[in-house]
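The next block holds one structure in the form of structure tokens; read it before the comments.
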Amino acid sequence: GAVVSQHPSRVICKSGTSVKIECRSLDFQATTMFWYRQFPKQSLMLMATSNEGSKATYEQGVEKDKFLINHASLTLSTLTVTSAHPEDSSFYICSARVAGVYEQFFGPGTRLTVL
Amino acid sequence: AQSVSQHNHHVILSEAASLELGCNYSYGGTVNLFWYVQYPGQHLQLLLKYFSGDPLVKGIKGFEAEFIKSKFSFNLRKPSVQWSDTAEYFCAVHNAGNMLTFGGGTRLMVKP
């Protein structure tokens, strides 16, 4: 149980385009989903926290207009990188948890390369 | 702000050697502690977690960790590593503010 999927697993796009990444909890309802970014050889950095049906809370330094997060249902959250630039190239990882449970379950990540 | 430090960035061991990876955090309140492992090309997997009770926690694949509150530490140990333990290991701390903070990670390479 507690499986989280992400789609796509890899994406390559041109600079200036927008990319949408999906995060799904497959066998549980996730009241909260988290989006992390992991640069090469670095740790995971929390970008934002999203609760189903409400606006996401962004960490300091993360542009909310650039990284659009939608958590429309208890099993799906999306991250849209708008007007992507090469510096946005990174590994994006989502996680999900159930209300009242501290443990987060992580997706396999999406590797974004912006040319 | 809460921070998590992993002292060893890279560790190289031979098979059967013992492993200890350090993790310290800087939060004075109640915390929940985690160790995650990321095998090459794979996603994060939970190795073990501490919420309360016995400070010596046993996880999967023979790993264990000890929570020492006075030292703000949660070191990961394994008595005898295998080549298949080659991976990156992350310590993470969850505080009452609902935030999970990761350490910088430790890359472990086990030589066969």
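The values are calculated or read from the model by the stated rules, or taken from the named source; none is laboratory data. Computed from a predicted structure; not experimentally measured. Cβ sites come from the backbone with ideal geometry, for glycine too, and all protein chains shown count toward neighbours. Just so you know, the surface numbers come from the protein's heavy atoms only, side chains and all, with ligands and any DNA or RNA stripped out. Shrake-Rupley method; radii C 1.70, N 1.55, O 1.52, S 1.80 Å.
Within the bounds of the stretch A:56-64, is there any residue that is more than 14 Å from chain B (Cβ to nearest Cβ) and open to solvent by 30 Å² or more (accessible area, probe 1.4 Å)?
As a first pass, look at the stretch A:56-64 and keep what is more than 14 Å from chain B (Cβ to nearest Cβ): A:63-64.
With open to solvent by 30 Å² or more (accessible area, probe 1.4 Å) added as a condition, the list becomes A:63-64.
Yes, because at least one residue in the stretch A:56-64 is more than 14 Å from chain B (Cβ to nearest Cβ) and open to solvent by 30 Å² or more (accessible area, probe 1.4 Å).
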Where A:Ser50 falls short, out of the listed (1) of a type in the set (S, T, N, Q); (2) more than 23 Å from B:Glu88 (Cα to Cα); (3) touching a residue at least 60 places away in the same chain (Cβ under 8 Å): (3)
Would you please name the residue that is nearest to B:Gly104 (Cα to Cα), looking only at residues in the stretch A:11-37 that are touching a Phe, Trp or Tyr at 6+ places or on another chain (Cβ under 9 Å) and open to solvent by 20 Å² or more (accessible area, probe 1.4 Å)? A:Arg37
Considering residues that are surrounded by fewer than 17 Cβ atoms within 10 Å (Cβ to Cβ) and polar (S, T, N, Q), the number found within the stretch A:74-88 is 3
Subset of the stretch A:77-115 [modelled with pLDDT under 95, aliphatic (A, V, I, L, M) and part of a strand (DSSP E or B)]: A:Ala96
Search result, residues across the stretch B:65-80 that are open to solvent by 40 Å² or more (accessible area, probe 1.4 Å) and not small (Gly, Ala, Ser): B:Glu66, B:Ile68, B:Lys69, B:Lys71, B:Phe72, B:Arg77, B:Pro79
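For the stretch B:81-104: of the residues being free of Cβ contacts under 8 Å to residues at least 60 places away in the same chain and more than 10 Å from chain A (Cβ to nearest Cβ), which is most open to solvent (accessible area, probe 1.4 Å)?
Applying the filter and picking the extreme gives B:Ser84.
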Against the conditions (1) within 11 Å of chain A (Cβ to nearest Cβ); (2) open to solvent by 60 Å² or more (accessible area, probe 1.4 Å); (3) outside any strand (DSSP E or B), where does B:Arg107 fall short? Just the number, please. (3)
Looking across the stretch B:22-53 at residues that are within 9 Å of chain A (Cβ to nearest Cβ) and in a loop (DSSP other than H, G, I, E, B), the single one that is surrounded by the most Cβ atoms within 10 Å (Cβ to Cβ) is B:Leu44
